[in-house]
Amino acid sequence: MQSSSARARWVIGNWKMNGSLASNAALLEVLTAAPRPRPGCSIGVCVPSPYLNQAQRLLGATHVVLGAQDVSEHESGAFTGQVSAAMLREFGGRLVLVGHSERRQHNAETSEVVAAKARTAFAHGLTPVICVGETLLDRESGAAEATVSAQLAPCASLVRDAGTSLVFAYEPVWAIGTGKTATPGEAQAMHAFIREEIASFSPNARDTSILYGGSVKSSNAQALFSQVDIDGGLIGGASLVAADFLAIAAAL
Ligand code: PEP
């Protein structure tokens with residue numbers, strides 16, 4: 001889908017806790033052999049941390065951008081099990097997801113911690129992909145915008161400092177891994193809301209990329225990505241199958 005917007009467009013795969021040395025190699029071989037997306041569009045993969053070294057080696061200087069799925073808000077020290085931004089950079093990471101709903105849910109990450117992680121990532125030259133989204137309960141009770149607004153609020157000062165160097169991802173929790181997708185109209189409405197919210201922090205942030213995530217497939221990608229405020233997608237399940245991921249990327 002051709003867009004007249006100057007905003008960077010992305011399709012980013014979130015492998016979650018999936019993969020093996022053999023399956024990663026097979027997947028990355030196909031992704032790196034595929035033609036690079038048109039100018040202004042990029043594809044990336046956020047791999048589990050133990051596979052950063054392998055992915056760094058296999059991606060080399062190709063057009064596929066390497067990312068991780070989480071980062072510590074701390075620089076270094078006594079934080080057992082955490083991975084620092086400097087470590088991600090050493091292994092070729094350029095993107096990092098922060099605040100994915102699975103981390104908010106299973107690791108009790110607050111929006112303040114998410115903002116601190118994004119701040120640390122940005123300070124180290126990584127592009128944080130800041131994930132926000134409401135639950136089904138929030139949506140059904142009419143609180144979807146209030147929930148997303150509260151998730152964005154702690155990022156205000158970072159938005160002022162980093163502007164378009166950030167990426168946001170709107171991922172309604174009820175659409176992640178469920179097969180249910182927000183309609184293009186529902187997704188567009190929330191993206192427009194997010195754009196207004198971050199522009200209220202800093203007018204320059206109006207041109208920040210906002211991706212949609214939640215059961216994106218090749219069959220619905222085009223309808224979603226053609227919405228005026230949707231700048232691409234964050235892809236979970238479908239990013240594990242090269243042909244599906246590339247078909248989604250072709251809709252950029
Ligand atoms: C995700 O994990 O970020 C995601 C969007 O998952 P899925 O595409 O499987 O819904």
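Readers should treat all values here as calculations from the given coordinates under stated rules, not as data from a laboratory. As the structure is a prediction and not an experimental result, all values here were calculated from the model. Glycine also receives a Cβ, built like all others from the backbone with ideal geometry; neighbour counts cover every protein chain displayed.
Out of L158, L166, one residue alone is closer than 15 Å to C131 by Cα, within 16 Å of the chain's Cα centre (by Cα) and of a type in the set (A, V, I, L, M, F, W, C). It is L166. Taken together, the residues in the stretch 74-115 that are over 18 Å from C131 (Cα atoms) and under 13 Å from the mean Cα position of the chain (by Cα) amount to 0. Within the stretch 89-112, count every residue that is surrounded by fewer than 20 Cβ atoms within 10 Å (Cβ to Cβ) and over 16 Å from C155 (Cα atoms). Within the stretch 89-112, residues that are surrounded by fewer than 20 Cβ atoms within 10 Å (Cβ to Cβ) and over 16 Å from C155 (Cα atoms) number 10.
For I198, the conditions (1) more than 14 Å from the ligand (Cβ to nearest atom); (2) surrounded by 20 or more Cβ atoms within 10 Å (Cβ to Cβ); (3) part of a loop (DSSP other than H, G, I, E, B) are fulfilled apart from (3).
Report yes if A143 is out of contact with any helix residue (DSSP H, G or I) (no Cβ under 7 Å at 6 or more places or on another chain) and farther than 26 Å from A33 by Cβ, otherwise no. In short, yes.
If you take the residues in the stretch 202-252 that are acidic (D, E) and assigned to a helix (DSSP H, G or I), which one is nearest to the ligand (Cβ to nearest atom)?
If we take residues in the stretch 202-252 being acidic (D, E) and assigned to a helix (DSSP H, G or I), then D244 is nearest to the ligand (Cβ to nearest atom).
Of everything listed in (1) under 26 Å from L66 (Cβ atoms); (2) among the acidic types (D, E); (3) buried (at least 21 other Cβ atoms within 10 Å of the Cβ), the single unmet condition for E134 is (1).
Applying the selection to the stretch 27-56, what residues are aliphatic (A, V, I, L, M) and free of Cβ contacts under 8 Å to residues at least 12 places away in the same chain?
Within the stretch 27-56, A33 is the sole residue that qualifies.
So, D229, is that one of a type in the set (D, E) and under 16 Å from the mean Cα position of the chain (by Cα) or not? Here the answer is yes, as D229 does meet what is asked. If the condition is being farther than 19 Å from G179 by Cβ and among the β-branched types (V, I, T), then the stretch 204-232 contributes T208, I210, V228, I230. Which residue out of G177, G185, G214 is closer than 25 Å to L137 by Cβ, in contact with a helix residue (DSSP H, G or I) (Cβ under 7 Å, 6 or more places away or on another chain) and surrounded by fewer than 17 Cβ atoms within 10 Å (Cβ to Cβ)? Selected residue: G177, the only one of G177, G185, G214 that is closer than 25 Å to L137 by Cβ, in contact with a helix residue (DSSP H, G or I) (Cβ under 7 Å, 6 or more places away or on another chain) and surrounded by fewer than 17 Cβ atoms within 10 Å (Cβ to Cβ). Counting residues that are more than 16 Å from the ligand (Cβ to nearest atom) and more than 19 Å from S215 (Cβ to Cβ), which strands (runs of 3 or more DSSP E) fully inside the stretch 60-178 reach at least 2? The qualifying strands (runs of 3 or more DSSP E) are 64-68.
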